[in-house]
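Written out below as structure tokens is the structure these notes cover.
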Amino acid sequence: KQKTAYEIPKRDWSSDVCSSDLALGDAQISQKKISEARESYKQAYEAAKRMLKDHPDLEWLPFVTNRIHEAYMMQLVRENKHSQALEVAESLKKSTNLPPPLWYNLACVYSMASGKPVPGIKQSPQSLKDEAMNCLRKAKNANYFSMPSVVAHATKDTDLDPMRGYPPFDEFLKGLKN
């Protein structure tokens, strides 16, 4: 069995540590092995949380763990496990220096969770939409929407469909097009 990232001694870590379960999950997605991918992402996610707690001194670790958290979150969304995805999203939002695409993906998670009642979600659809807007604004402030192709994608992205007709979102999209 291949060692998980957490089992690798600290002296052996490199910038691609934690990637074995992440890469395995990505490969399983391409092979349509959904439940196996979720388990691989979950293993990487759990190991990343432990490493962040045990080794806060490693400057590169938050970047790697954010990528792992994002992969796990998006897998949960693909499986319509929105309440679990929101838990990961809340954890991610506590990180500093999130890259712009991650803010966009967080917005998508909040948007999809706002679309219909989901067991286990305590937030109202309105508060989920508001949180999606906060994430979109952070992505914009980080220049995520600087390319026309990214703006075009946002206007058609079905993950954001629950936001359509919501005045702050419609205004936001209008502002991106101008």
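Using only alpha carbons, region 123-178 has a radius of gyration to Kirkwood radius ratio (Rg to Rh) of 0.95. Based on Cβ point charges of +1 for Lys and Arg and -1 for Asp and Glu, what charge dipole magnitude is obtained for region 30-156 about its Cα centre, in debye rounded to the nearest 20? Approximately 380 debye in magnitude. Per-residue Karplus couplings for region 84-91, computed as 6.51 cos²θ - 1.76 cosθ + 1.60 with θ equal to phi - 60°, are listed in order as 5, 4, 5, 4, 5, 4, 4, 5 Hz, Gly and Pro entered as x. Given their separation in residues at 0.36 nm each and the Cα-Cα distance between them, D54 and K122 gain 21.4 nm when the chain is fully extended. Toward the positive end of the charge dipole of the chain, with +1 on the Cβ of Lys and Arg and -1 on the Cβ of Asp and Glu, the farthest Cα among P100, A47, S149 is that of S149. In terms of Cα atoms, the Rg and Dmax of region 28-87 work out to 12.3, 37 Å. Here the Debye sum runs over all C-alpha atoms of region 50-178 as equal scatterers in vacuum, and log10 of I(q)/I(0) at q = 0.11, 0.14, 0.15 Å⁻¹ comes out as -0.38, -0.61, -0.70.
If you rank W60, W103 by how much accessible surface each has, with a 1.4 Å probe, what is the order from largest down?
Final ranking, largest accessible area leading: W60, W103.
The values are calculated or read from the model by the stated rules, or taken from the named source; none is laboratory data. Quantities reported herein were computed from a predicted structural model and do not represent experimental measurements. Here the Cβ is made from the backbone with ideal geometry for all residues, glycine too, and neighbour counts use every protein chain on show. What goes into the accessible areas is simple: the full protein's heavy atoms, side chains included, and nothing from ligands, DNA or RNA. Shrake-Rupley method; radii C 1.70, N 1.55, O 1.52, S 1.80 Å.
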